[in-house]
């Protein structure tokens, strides 16, 4: 009797073709109806798309939020795009059918995944178009992470024109720390990034650098001039402490708490209010608060970097671990099923886990240079990576997921990793922003 | 199968098929990078109807490696 294929094997045996026109266009129109009016989406075209219509091209975009498909697909209508989406999303019951119907390309984020590259090449060779968000995950902080290493090489290899969308206001509409919808305004600018001729002339490194420069966007800075009000139902700071876990005044970590429009340090009382324009205001004369959550985030990163660089650095916590189902899909918007637990340790030699999975002993070690960062499926409460190709999600006991993420990123960067932060603000700039 | 693989590689690398044998190493002899190999594999998958699992990629160095892998996968289909 033939072996019953797991969902993972079935997924990786598919040879994808350009997105099917009818269902794709239906979904693009539905997105326009459902989201564009609700979130106030405006499209600005710096190029005439007619010259590219029906031809092969790649679209790259900053990845502002989980709604980016709705902000970008209508911009290129009626052209179809094969989106490149996180592998694990294909195992969630509410997305599984749609992603497969639209020939969406799965990608294991932040690890080599030849399957994904094969499908991209296939779609482009057949005259299709692909949409890549090269940061690899939706923005954590409101601004960009550097594009994944190798993005420039891939674009050069594909050799077709690269268009881009710059999404402004997308993060503030649905932040990473709080997934509540906050309608305001979203501006989507469409432009040419690089022509085929420019791609062939430039080196892979030059393309990578150009990509980073052109896609960079900080939603908080944008809103200083755009002055858009995002309706937050008096819960603007809800879960903000999961992102901003460090107190800028007493410098302690994991002492912040947030509720309503307020974030406060439980150790020293440092307190701020976040309004519907995402402006932070210090509460009380003694409070020391950065000018925007992004500036706060960068300062926090500097502190984490110092901690990671110190002698005997170690981060340790008990976690539950989640995996993807072998058969069937995840229900009720879950991102994994809990199948084990153990102790997670991060130190200069990398990430280490000792515990159990599915009732058996499970251990792994990943060196810093092979672990640039994690993925975060939904909000800032848990994080995942791939261990020998298998999806493993970590559920920490404390609200420490962002600490784990930042510490792992800085550990990678301080220990010879290739994914360096081209946006790390210098500390002087951060200090003067308070 | 080996002849078809050689044809695909020769076309992609714009070299004479007679310059490629079973022992030809993708990386050392043909100076292909990982994207070239992935692209070549994508073509061969369509020709053979089998999908090469990602964990097998590190085993592929020569034309013979690829041909043998395809044959194994076809037998197991």
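Looking only at residues in the stretch A:109-121 that are part of a helix (DSSP H, G or I) and more than 7 Å from chain B (Cβ to nearest Cβ), which one is farthest from residue A:56 (Cα to Cα)?
Step one: of the stretch A:109-121, the residues part of a helix (DSSP H, G or I) are A:114-121.
Next, only the ones that are more than 7 Å from chain B (Cβ to nearest Cβ) stay: A:116, A:119-120.
Working: A:116: 18, A:119: 14, A:120: 12 Å.
Among those that are part of a helix (DSSP H, G or I) and more than 7 Å from chain B (Cβ to nearest Cβ), it is A:116.
Could you run through the stretch A:164-180 and say how many residues are out of contact with any strand residue (DSSP E or B) (no Cβ under 9 Å at 6 or more places or on another chain) and either closer than 18 Å to residue A:74 by Cβ or not in a loop (DSSP other than H, G, I, E, B) (or both)?
Within the stretch A:164-180, residues that are out of contact with any strand residue (DSSP E or B) (no Cβ under 9 Å at 6 or more places or on another chain) and either closer than 18 Å to residue A:74 by Cβ or not in a loop (DSSP other than H, G, I, E, B) (or both) number 1.
Take residue A:188 and tell me if it is under 19 Å from the mean Cα position of the chain (by Cα), within 14 Å of chain B (Cβ to nearest Cβ) and not in a helix (DSSP H, G or I). Explain how you work it out, then say what you get.
Working: under 19 Å from the mean Cα position of the chain (by Cα): yes; within 14 Å of chain B (Cβ to nearest Cβ): no; not in a helix (DSSP H, G or I): yes.
Against the criterion (under 19 Å from the mean Cα position of the chain (by Cα), within 14 Å of chain B (Cβ to nearest Cβ) and not in a helix (DSSP H, G or I)), residue A:188 does not qualify.
Can you tell me which residue is nearest to residue A:41 (Cα to Cα) among those in the stretch A:193-203 that are crowded, with 17+ Cβ neighbours inside 10 Å and in contact (Cβ under 8 Å) with a residue 40 or more places away in the chain? First the steps, then the outcome.
Keep residues of the stretch A:193-203 that are crowded, with 17+ Cβ neighbours inside 10 Å, which gives A:193-194, A:199, A:202.
Narrowing further to those that are in contact (Cβ under 8 Å) with a residue 40 or more places away in the chain: A:193, A:199, A:202.
On the way: A:193: 22, A:199: 31, A:202: 34 Å.
Filtering the stretch A:193-203 for residues that are crowded, with 17+ Cβ neighbours inside 10 Å and in contact (Cβ under 8 Å) with a residue 40 or more places away in the chain, the one nearest to residue A:41 (Cα to Cα) comes out as A:193.
Could you pull out every one of the strands (runs of 3 or more DSSP E) wholly within the stretch A:218-332 that has 2 or more residues that are touching a residue at least 24 places away in the same chain (Cβ under 8 Å) and closer than 21 Å to residue A:173 by Cα? Please lay out each step first, then the result.
On the way: elements: A:256-259, A:262-265, A:271-274, A:280-282, A:314-323.
Strands (runs of 3 or more DSSP E) meeting the threshold: A:262-265, A:271-274.
Could you tell me which residue of the stretch A:1-16 is farthest from the other protein chains (Cβ to nearest Cβ), considering only residues that are touching a helix residue (DSSP H, G or I) at 6+ places or on another chain (Cβ under 7 Å) and in a loop (DSSP other than H, G, I, E, B)? It would help to see each step written out before you state the result.
As a first pass, look at the stretch A:1-16 and keep what is touching a helix residue (DSSP H, G or I) at 6+ places or on another chain (Cβ under 7 Å): A:7, A:11-12, A:15-16.
Now narrow it down to the ones that are in a loop (DSSP other than H, G, I, E, B): A:15-16.
Values: A:15: 6, A:16: 10 Å.
The selected residue is A:16.
For residue A:354, are the conditions met, namely being in a strand (DSSP E or B) and surrounded by 16 or more Cβ atoms within 10 Å (Cβ to Cβ)?
Details: in a strand (DSSP E or B): yes; surrounded by 16 or more Cβ atoms within 10 Å (Cβ to Cβ): no.
Here the answer is no, as residue A:354 does not meet what is asked.
Of all residues being crowded, with 21+ Cβ neighbours inside 10 Å and not in a loop (DSSP other than H, G, I, E, B) in the stretch A:122-153, which is farthest from the other protein chains (Cβ to nearest Cβ)? Just the residue, please.
Among residues in the stretch A:122-153 that are crowded, with 21+ Cβ neighbours inside 10 Å and not in a loop (DSSP other than H, G, I, E, B), the one farthest from the other protein chains (Cβ to nearest Cβ) is A:143.
How about the stretch B:13-39: which of its residues are within 12 Å of another protein chain (Cβ to nearest Cβ) and in contact with a helix residue (DSSP H, G or I) (Cβ under 6 Å, 6 or more places away or on another chain)? Steps first, please.
Going through the stretch B:13-39, the residues within 12 Å of another protein chain (Cβ to nearest Cβ) turn out to be B:32-39.
Correct list: B:35, B:38, B:39.
Taking the options A:67, A:115, name whichever one is over 22 Å from residue A:205 (Cα atoms) and more than 20 Å from the chain's Cα centre (by Cα).
On the way: A:67 fails: more than 20 Å from the chain's Cα centre (by Cα).
Answer to the check: A:115.
Condition first: within 23 Å of the chain's Cα centre (by Cα), modelled with pLDDT of 95 or more and over 23 Å from residue A:158 (Cβ atoms). Can you find one or more residues in the stretch A:1-21 that meet it?
Taking every residue of the stretch A:1-21 in turn, none turns out to be within 23 Å of the chain's Cα centre (by Cα), modelled with pLDDT of 95 or more and over 23 Å from residue A:158 (Cβ atoms).
Take the residues of the stretch B:40-71 that are out of contact with any helix residue (DSSP H, G or I) (no Cβ under 7 Å at 6 or more places or on another chain) and more than 10 Å from every other protein chain (Cβ to nearest Cβ): which is nearest to residue A:108 (Cα to Cα)?
Step by step, filter the stretch B:40-71, then rank; the result is B:61.
Residues in the stretch A:73-99 that are more than 16 Å from the chain's Cα centre (by Cα) and either touching a residue at least 60 places away in the same chain (Cβ under 8 Å) or more than 19 Å from residue A:119 (Cα to Cα) (or both): how many? Before the answer, list the steps.
Just the residues of the stretch A:73-99 that are more than 16 Å from the chain's Cα centre (by Cα), to begin with: A:73-82, A:90-99.
Narrowing the set further to residues that are either touching a residue at least 60 places away in the same chain (Cβ under 8 Å) or more than 19 Å from residue A:119 (Cα to Cα) (or both) leaves A:73-78, A:80-82, A:90-96, A:98.
Residues flagged as more than 16 Å from the chain's Cα centre (by Cα) and either touching a residue at least 60 places away in the same chain (Cβ under 8 Å) or more than 19 Å from residue A:119 (Cα to Cα) (or both) within the stretch A:73-99 amount to 17.
The values are calculated or read from the model by the stated rules, or taken from the named source; none is laboratory data. Given the structure is predicted, the values throughout are model-derived calculations rather than measurements. Cβ: placed from backbone, ideal geometry, glycine included. Neighbour counts: every protein chain shown.
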